[in-house]
Amino acid sequence: MSSLADIPSEARCKQLMYELVTKQKHHECGKRIAWKYGRDYGWCRVCRTKIRPKAATWLRGSNLSYRQLFFLLSAWQQRQSPGSVRMALGVSYPTIQRWYARFREHLPPDGGEMLSGIVAVDEAWFGKQRYGRQTIVIGAIETDTRRLRLQIIPDTEQDSIELFLQTWVTRDSHLITDAHASYNGVEWLGYSREAYNHSAGHFGMSNHIECIWSAMKRHLRKLYGCIPTQHLDSFLREWEARHNQRELFESPLAYLKATVVTD
């Protein structure tokens, strides 16, 4: 879905949401629900019941139409900038950013599996160095499956890095790192290591994680015009999900099925 024209009609969006929440296409009385344009609810002409699909979900209380919500969700999944979304929907920048944040907030957990095999590890700084408000993020990515783990750490000391590795990377893994001294001694923990000197322009397979930092910062600049550190943890969670739970970003229905449907 790349434009508003690709989104189903308002009535169809309401029906899709109702079917997701109730897991059925018809009302309990056996008759179809009428989804008319201009109404925020469905109507059963037999039992005269009003059905509001959003009422039982975290979307309750939204003033946006169902079609607008589907478009916003699709735009977030495709990493569209707020400017292009504003031109298509006519909603404000704060509204777009608020909904993007809500979509990140309701991402389901991915199970917390550890990485293994060949894993590229590196750290990056987010924020403005000029004002001393940078946040350090360490990341690890499996080079074959592209599964990703990201975490904010207080410093780049050996203890912080080793704690991250022991939490998210199995000990028989082969690490691809830079030449930072904090990685010295990881062999004692059961890892094998291959180091590249980034200062000398040698990157090798560590480019896998370097590309992650580049894409993340580029996307943050597109969203906010800068690289903010506020709520950075939720943005890291989103980026992990884009790698570890790709099915959530295939379509708006795939995301909604995972976040609004309860068994």
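Taking the range 134-161, which residues are open to solvent by 30 Å² or more (accessible area, probe 1.4 Å) and not hydroxyl-bearing (Ser, Thr, Tyr)? Scanning the range 134-161 gives Gln134, Asp144, Arg146, Arg147, Gln151, Ile152, Pro154, Asp155, Glu157, Gln158, Asp159. Residue pairs whose Cβ atoms lie under 6 Å apart, sitting 6 or more positions apart in sequence or on different chains, and linking a residue in the range 175-192 that is farther than 15 Å from Met114 by Cβ to a partner that is assigned to a strand (DSSP E or B) and of a type in the set (A, V, I, L, M), are Ile176/Ala120; Thr177/Val121; Thr177/Ala195; Ala179/Ala195.
In the range 86-129, of all residues being acidic (Asp, Glu) and in a loop (DSSP other than H, G, I, E, B), the one that is surrounded by the most Cβ atoms within 10 Å (Cβ to Cβ) corresponds to Asp110.
Reported count of residues in the range 169-206, each being touching a strand residue (DSSP E or B) at 6+ places or on another chain (Cβ under 8 Å), modelled with pLDDT of 90 or more, open to solvent by 40 Å² or more (accessible area, probe 1.4 Å) and of a type in the set (Phe, Trp, Tyr), is 0.
Reported count of residues in the range 71-106, each being without any contact (Cβ under 8 Å) to a residue 60 or more places away in the chain and not polar (S, T, N, Q), is 15.
When the test is whether a residue is modelled with pLDDT under 90, part of a loop (DSSP other than H, G, I, E, B) and either within 27 Å of Gln230 (Cα to Cα) or over 28 Å from the mean Cα position of the chain (by Cα) (or both), Arg146 does not pass it.
The values are calculated or read from the model by the stated rules, or taken from the named source; none is laboratory data. Nothing here was measured: the structure is a model prediction, and the numbers come from that model. Positions of Cβ are generated from backbone atoms using ideal geometry, with glycine treated the same way; all protein chains shown enter the neighbour counts. Just so you know, the surface numbers come from the protein's heavy atoms only, side chains and all, with ligands and any DNA or RNA stripped out. Shrake-Rupley method; radii C 1.70, N 1.55, O 1.52, S 1.80 Å.
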